[in-house]
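Below is one structure, written out as structure tokens; the observations come after it.
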Amino acid sequence: MVFAIPHLALTAGGVASLAICLLIVWTKHLHGSHTLDSEAGIQKVHEEPTPRVGGVAILISAMIGAALTPPEVAQILWPMLIAALPAFFVGAIEDLFKRDRVRERMIATFASGVLAWWLTGVSLTRVGIPMLDSILAIIPISVLFTAFALSGVANAINIIDGFNGLASGTVLLCLSALGLIAFQAADAEMAKICFVLAGSIFGFMLVNYPKGKIFLGDGGAYLLGFLLGWVAVLVAMRNPYHVSPWAPLLACGYPVLEVLFSMLRRRARTRELGGADRLHLHSLLWGRVARRWFANSPTTTQNAVVFPMILLFAAIPAALAVVFRTSTLLLMASFVFCALLYALVYARLVHFHWTRPRLRPAQKSTVSRGDGK
């Protein structure tokens, strides 16, 4: 297989993303009444008002990258970006008008999934379980299942959008794993798409991490979540003989597990699946590890260390997905292992293990949120 990274598209996308993000930050006094993040909300712990429209930079730069990619890559990437627009715009509207309507966002991400199928004719028709595969052979069921799965991944990225670099860095890691899986399957087009999208995200991340000068916002989180989910679908469906459908799922293991555990926890505690709380894994790591182990460090440092701690866990399912990409049974076992590991870490944090003794009462933090809710 001949594989060449589309250097021009990758570089142009990254530079454009960085430039647009810096422009947004430098001009926030002009548009801040609409774009600055509100400090209200259970999950918000800001140091200062921050623009939450980083998704705009990523979308524009990804389109620039798509315009500069080879035709065989562009014909896959453009429908992907067009299909992402409903999810992005509904989230961006909420960012601008400071609304929080979970149902509208879920409908929009679901609509993006249906639009992606309509533009490409691709949907999930196999999951590696014969009985379910026979059901997914029915196109309407396959399309609905695909849209539901994409909506779930988009919501997962929104959920982990909690601290500087966390959502964007996690998506970069997942795209890297998917790119490696595509490369090993000799799917050069999908591998290149992963590189181009990663470049646009990296440009944003340079401004977001570690200082948190700009946030993704809901628009950016749902944009990245949808793009990640659709890349996962395409990698699985384009390579039926070289990639198990569980490999892309496991590559996105951390955000998927976060949303599954959040749904179970909220169902058990409040019966409100869409409610916000501070009981996510990243929130516990910040409150019970970062703030204690780095008690004498600046609040921005306490914020920034959450991402590398999460990355250590997120890298485990991503690596297992690359190694066992063809074996459905091993991938299923790996997913169960990662779920048990997540539950173990979560339980120990809840019960105050793995933290140093508190020598003094914790002070109320003013640390800024990460990619931006």
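Between residue 127 and residues 5 or more places away or on another chain, which pairs have amide H atoms under 5 Å apart, with H built 1.01 Å from N, and which residues are they?
133
Could you calculate the FRET efficiency of residue 82 with residue 333 from 1/(1 + (r/R0)^6), where r is the beta carbon distance between them and R0 is 30 Å, rounded to 0.05?
The calculated FRET efficiency here is 0.20.
What are the ³J(HN,Hα) couplings of region 206-223, residue after residue, when phi is run through the Karplus curve with 6.51, -1.76, 1.60 and θ = phi - 60°? Round to Hz, x for glycine and proline.
4, 8, 7, 10, x, 7, x, 7, 8, 10, 5, x, 5, x, x, 5, 6, 4
Please give me the summed charge of the neighbours of residue 239: other residues whose Cβ is under 15 Å from its Cβ, Lys and Arg +1, Asp and Glu -1.
The answer is +2.
Under a point-charge model restricted to the Cβ atoms of Lys and Arg (+1) and Asp and Glu (-1), what is the dipole moment magnitude of the chain relative to its Cα centre, in debye to the nearest 20?
That gives a dipole near 1380 debye.
Multiply the residue separation of residue 312 and residue 134 by 0.36 nm, subtract the distance between their alpha-carbon atoms, and state the gained length in nm to one decimal.
That pair, residue 312 and residue 134, stretches by 60.4 nm at full extension.
Which residue, 287, 339, 244, has the largest displacement toward the positive end of the dipole of the chain when charges sit on each Cβ (Lys, Arg +1; Asp, Glu -1)?
287
With unit charges on the beta carbons (Lys and Arg positive, Asp and Glu negative) and the dipole taken about the Cα centre of region 7-350, which residue among 170, 261, 53 sits farthest to the positive side?
Among 170, 261, 53, the one farthest towards the positive end of the dipole of region 7-350 is 261.
Starting at the first residue of region 130-142, write each ³J(HN,Hα) from the Karplus equation 6.51 cos²θ - 1.76 cosθ + 1.60 with θ = phi - 60°, in whole Hz, x for Gly and Pro.
My calculation for region 130-142 gives x, 4, 5, 4, 5, 6, 6, 5, 7, 4, x, 5, 4 Hz in order.
Sequence gap at least 6, Cα distance under 8 Å: using those rules, report the relative contact order of region 7-350 to the nearest whole percent.
Value for region 7-350: 23 percent.
Over the Cα atoms of the chain, what radius of gyration and what Dmax do you get, in Å?
Rg, Dmax (Cα atoms, Å): 19.7, 61.
Using each residue's phi in region 237-246, evaluate 6.51 cos²θ - 1.76 cosθ + 1.60 at θ = phi - 60° and report the 3J(HN,Hα) Karplus result to the nearest Hz, with x for Gly and Pro.
The phi angles translate into 6, 7, 10, x, 9, 10, 9, 6, x, 7 Hz.
Where does the chain land at 222 nm, in deg cm²/dmol rounded to the nearest 500, when only DSSP H runs of n ≥ 4 count, each adding -39500 (n - 2.57), divided by all residues?
Computed ellipticity for the chain at 222 nm equals -22000 deg cm²/dmol.
If r is the Cβ-Cβ distance from residue 300 to residue 263 and R0 is 35 Å, what FRET efficiency results, to the nearest 0.05?
Step by step, r from the Cβ atoms, then E = 0.65.
Quick note: the coordinates plus some simple rules give every number you see, no bench work behind them. Just so it is clear, the model here is predicted, and its values are computed rather than measured. Cβ: placed from backbone, ideal geometry, glycine included. Neighbour counts: every protein chain shown.
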